[in-house]
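Working notes, beginning with the structure itself.
The values are calculated or read from the model by the stated rules, or taken from the named source; none is laboratory data. This structure is a prediction, so every number in the text was calculated from the model and none was measured. Cβ: placed from backbone, ideal geometry, glycine included. Neighbour counts: every protein chain shown.
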Ligand code: ADP
Ligand code: MG
């Protein structure tokens, strides 16, 4: 700027144009949506208070099921001629952290979609606490205790963090559309907000309660999704994440999981303790093409 400014001023002599240009640059840098949101923010400095701390909504029964928490049995998903998931079976015990890993295109995202009900199974079964959920719509599966986050964050960007997270807690409410329409559900609504605020505090985002979800950096948006999932009081949490597999991150995956299922070409390639998986020649072959 130091070099350009005198040159510009000297050559054109048009000071206004330069000032205009600088304003334009500042606008693009700091107020892309125009100056109004900026002014509105300055005026509306009176941040609304956090919702009152009300008694929690009824919590889910925490007794572990007699069998596995989640059972995938011979799951198959076909997209036309392409078999994305083939005869996949595994269990997840209550309290267990299970990692589902595999190279690109192995079928992990499809498996997630099958478990959460986002995609229908071509064949096979998914059981949550022993109950078949394979053909149920996602909201019914969510009500039964399965919460998820997405690999590509899915929040409502214009809505506040509080309102986004409250969406998770609404699943626990007893009020239906009819009661909500005539506003008989106000007490429950207040408790839902209170529950959402607690979930937000739990993940360390209390300072962002009233910020638009879309205004947060992506990392924090991911954490908002976790708060939304937790607000639903899940029995099972599916975390959708991608980790670029450099060795350092592999150690991270191995460190936080109790057990791993490895997929390749839609099928289960291996299953076992992290240390076993790390040694498994078939897994190393799939990931590293036999390079190591
Ligand atoms: P991963 O998450 O392990 O990378 P995916 O489950 O996304 O793998 O994909 C598994 C395979 O299924 C890939 O070959 C992919 O191209 C294919 N696939 C995934 N979703 C669709 C879809 N909606 N339609 C057609 N093919 C799909
Ligand atoms: Mg994927």
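Brief remarks on what is shown
- The condition (being without any contact (Cβ under 8 Å) to a residue 40 or more places away in the chain and within 16 Å of ligand 1 (Cβ to nearest atom)) is satisfied by just one residue among 120, 64, 103: 120.
- Near pairs, Cβ below 7 angstrom, 6+ apart or cross-chain, from segment 146-159 (under 21 Å from residue 133 (Cβ atoms) and touching a residue at least 24 places away in the same chain (Cβ under 8 Å)) to any residue that is away from ligand 2 (no atom under 16 Å from the Cβ) and in a strand (DSSP E or B): 146/128; 146/236; 147/237
- Residues of segment 5-49 that turn out to be assigned to a helix (DSSP H, G or I) and either at pLDDT 70 or above or touching a helix residue (DSSP H, G or I) at 6+ places or on another chain (Cβ under 9 Å) (or both), as a count: 28
- Residue 17 meets the conditions (1) surrounded by 10 or more Cβ atoms within 10 Å (Cβ to Cβ); (2) in contact (Cβ under 8 Å) with a residue 60 or more places away in the chain in every case but one. The failed one is (2).
- A search for C-beta distances below 9 Å between a residue of segment 261-283 that is modelled with pLDDT of 95 or more and any residue that is exposed (fewer than 13 other Cβ atoms within 10 Å of the Cβ) and not in a helix (DSSP H, G or I), counting only pairs 6+ apart in sequence or on different chains, returns 266/82.
- Of all residues making up segment 130-152, the number that are part of a strand (DSSP E or B) and touching a helix residue (DSSP H, G or I) at 6+ places or on another chain (Cβ under 7 Å): 3
- Count - residues of segment 204-238 that are out of contact with any strand residue (DSSP E or B) (no Cβ under 7 Å at 6 or more places or on another chain), surrounded by fewer than 19 Cβ atoms within 10 Å (Cβ to Cβ) and not in a helix (DSSP H, G or I): 2
- Selection status of residue 125, more than 16 Å from ligand 1 (Cβ to nearest atom) and at pLDDT 95 or above: yes
- Among (1) in contact with a strand residue (DSSP E or B) (Cβ under 6 Å, 6 or more places away or on another chain); (2) away from ligand 2 (no atom under 16 Å from the Cβ); (3) within 23 Å of residue 230 (Cβ to Cβ) - the single one residue 50 does not satisfy: (1)
- Residues in segment 67-83 that are in contact with a strand residue (DSSP E or B) (Cβ under 6 Å, 6 or more places away or on another chain), within 13 Å of ligand 1 (Cβ to nearest atom) and either closer than 10 Å to residue 263 by Cβ or in a loop (DSSP other than H, G, I, E, B) (or both): there are none.
- The single condition among (1) crowded, with 17+ Cβ neighbours inside 10 Å; (2) modelled with pLDDT under 95; (3) more than 16 Å from the chain's Cα centre (by Cα) that residue 143 does not satisfy is (1).
- Unique residue being farther than 21 Å from residue 153 by Cβ and either outside any helix (DSSP H, G or I) or within 16 Å of ligand 1 (Cβ to nearest atom) (or both) when the list is 275, 270: 270
- Evaluation of residue 52 against (1) at pLDDT 85 or above; (2) part of a helix (DSSP H, G or I); (3) under 30 Å from residue 201 (Cα atoms) (one fails), failing number: (2)
- Lone qualifier among 88, 114, 100, 127 - being buried (at least 18 other Cβ atoms within 10 Å of the Cβ), out of contact with any helix residue (DSSP H, G or I) (no Cβ under 9 Å at 6 or more places or on another chain) and part of a strand (DSSP E or B): 127
- Selection status of residue 98, in contact (Cβ under 8 Å) with a residue 40 or more places away in the chain, away from ligand 1 (no atom under 15 Å from the Cβ) and under 15 Å from residue 268 (Cα atoms): yes
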